[in-house]
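Below is one structure, written out as structure tokens; comments come after it.
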Amino acid sequence: MTKAPWLTIIGIGEDGRAGLSPAALAALDGAEFVIGGARHLELAAPLLVRTQTWPSPFAEGYPMVLARRGQPTCVLATGDPFHYGVGAELARLIPAEEVVSHPQPSAFSLAAARLGWSLPDCDCVSLHGRALARIIPYLQPGARILALSWDGSTPGKLADLLRARGMGASTITVLEAMGGPRERIRGAGADRFDIGEIDPLNTVAIEIVPSRDARVVPLTSGLLDSWFENDGQLTKAEIRALTLAALAPKAGELLWDIGLGAGSVGIEWCLRHLRNRCIGIDERPERAERARRNALELGATALDIRIGQAPEALADLPAPDAIFIGGGASEPGVFETAWAALKPGGRLVVNAVTLETETLLGTLYARHGGTMRRLALSRLEAVGGMHGWRAAMPVTQWVVTKP
């Protein structure tokens, strides 16, 4: 039986009650319990019912809302609650038919309107509660980016990042407290950023202008090896491109990268789509830390690195959609544990450079099928005053899909 709506989610702007629709005002004034951030409750004043400020950590507020099931309850949020807002989180816990929402324009919509930018042509990213490096893949020539700030320090940190990556000619516009009496819009170049005393509630608009040698992350698979700090434990660019093709990432999928090394395969998996995730496992802490630095340099913030030895380190991990074994495939139990965890229809790719691992792959191929291929690569190198082809160690690759 479908329950009647009892929860109202209201987006409120800097103009407070004056900007709310009659329906939103009626729901707010008819609620028996209102929860929101301290700023939201102040904007919605006066409120003559029981109110609650969101606790910290934020998730502890969800049980408070769920405990009110069936009673008129109101949640206040900023702008559009379903655009990087609390609405999306509550929708995972409460059926849509029990919720009524009254959104207002999001910060992205307001910023685009102020600047005259076409919103569909902008990259919209939230840095609120997220790593600053998340914006790096969006730093593309000519891009227009709208970013929700964590606080008043975010615009300056973005200017530092742009300069460090050879994009100092880019322009930064800081839009503060949009839609209310405190609204302010100021701009500066990244290379001469001098905007101070920035309101914590701000959105940053960036127009990217790269220099000739700017560190722009290419959109292709098989990034140059020079992108990755490594100790030699690196899947080389050409082999990596073929490995990514074999893994065939799809949006929102999870990869296990066993034998993480420099993290190159897991990082490129994450870069294929903003919702992709990877859990990388390596037994050596120094390699794990190196992979973490590589991930931040390329903006692959969805790489979750675990230090441990497979197969023990694979216990209790969420089931993957794909698995890459770049090291340790010949260790007892590694394949069996990985294969058991892989989702039906998931892909598994193993690269081997030793005869012992290659022999194991032959046995697994005979048992499970799939495809086997030998990847041989030669690169032109100087030989004295002339040049010759230097062959890399061949790689045997086994690719199989779980029934």
Which value, in nm² and rounded to one decimal, describes the direction-averaged projected area of the C-alpha convex hull of the stretch 172-259?
10.0
Restricting to Cα pairs below 8 Å that are 6+ residues apart, what does the relative contact order work out to for the chain? Please round to a whole percent.
10
If you roll a 1.4 angstrom probe over the protein chains with everything in place, what fraction of the accessible area of the chain belongs to carbon and sulfur, to the nearest %?
55
Taking every DSSP bridge whose two residues both lie in the stretch 124-283, the antiparallel percent to the nearest 5 is 70
Principal axes first, then extents: for the Cα atoms of the stretch 229-327, list largest minus smallest coordinate on each axis, whole Å, largest first.
30, 29, 22
Is it possible to state the helix-based mean residue ellipticity at 222 nm for the chain, with each DSSP H run of 4+ residues giving -39500 (n - 2.57), the sum divided by total residues, to the nearest 500 deg cm²/dmol? What is it?
-7500 deg cm²/dmol
Quick one: how many Å² of residue 157 are accessible to a 1.4 Å probe, rounded to 10?
110
Counting alpha carbon pairs within less than 8 Å and at least 6 residues apart, what relative contact order, in whole percent, applies to the stretch 264-403?
19
Skip the ligands, DNA and RNA, and give the accessible area per residue of the stretch 268-391 with a 1.4 Å probe, whole Å².
53
Arranged from highest to lowest average of other beta-carbon atoms within 10 Å per residue, in what order do the peptides 143-153, 254-264 appear?
254-264, 143-153
Ranked by how many other beta carbons lie within 10 Å on average, peptides 50-61, 381-392, 232-243, 21-32 from highest:
232-243, 21-32, 50-61, 381-392
With no solvent and one point per C-alpha, what does the Debye sum give as log10 I(q)/I(0) for the stretch 115-165 at q = 0.14, 0.17, 0.29 Å⁻¹?
-0.35, -0.52, -1.29
Residues other than residue 288 with Cβ under 13 Å of its Cβ, Lys/Arg counted +1 and Asp/Glu -1, net out at -2
Looking at the chain only, what percent of DSSP beta bridges run antiparallel? Nearest 5 please.
45
For 270-278, 221-229, ranked highest to lowest by mean beta-carbon neighbours within 10 Å, the order is 270-278, 221-229
Got the relative contact order for the stretch 1-116 handy, in percent, Cα pairs under 8 Å and 6 or more residues apart?
41
Would you calculate the volume per residue, in Å³, of the smallest convex hull containing every Cα atom of the stretch 1-92?
101
Part-to-part distance (alpha-carbon centres) for the stretch 326-342 and the stretch 263-283, which is given in Å:
18
Once you wrap a convex hull around the alpha carbon atoms of the chain, what is its projected area averaged over all directions, in nm²?
25.1
Of all DSSP beta bridges with both partners in the stretch 286-393, the antiparallel percent, nearest 5, is 60
Kirkwood Rh, angstrom, the stretch 54-173 [1 / mean 1/r, Cα pairs]
16.6
Could you derive backbone 3J(HN,Hα) for the stretch 229-234 from the dihedral phi with the Karplus parameters 6.51, -1.76 and 1.60 (θ = phi - 60°), listing whole Hz in sequence and x where the residue is Gly or Pro?
5, 7, 10, x, 8, 9
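Starting from the Cα gyration tensor of the stretch 165-208, multiply each eigenvalue by 5, take the square root, and state the resulting semi-axes largest first in whole Å.
Ellipsoid half-lengths, sorted descending, are 22, 10, 7 Å.
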For the stretch 254-403, count all C-alpha to C-alpha pairs, find those more than 18 Å apart, and express that count as a whole percent of the total.
60
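The values are calculated or read from the model by the stated rules, or taken from the named source; none is laboratory data. Here the structure is a predicted model, which is why all the values come from computation and not from measurement. Cβ atoms come from the backbone with ideal geometry, glycine included; neighbour counts cover every protein chain shown. The accessibility values were calculated without ligands, DNA or RNA, using every heavy atom of the protein model including side chains. Shrake-Rupley method; radii C 1.70, N 1.55, O 1.52, S 1.80 Å.
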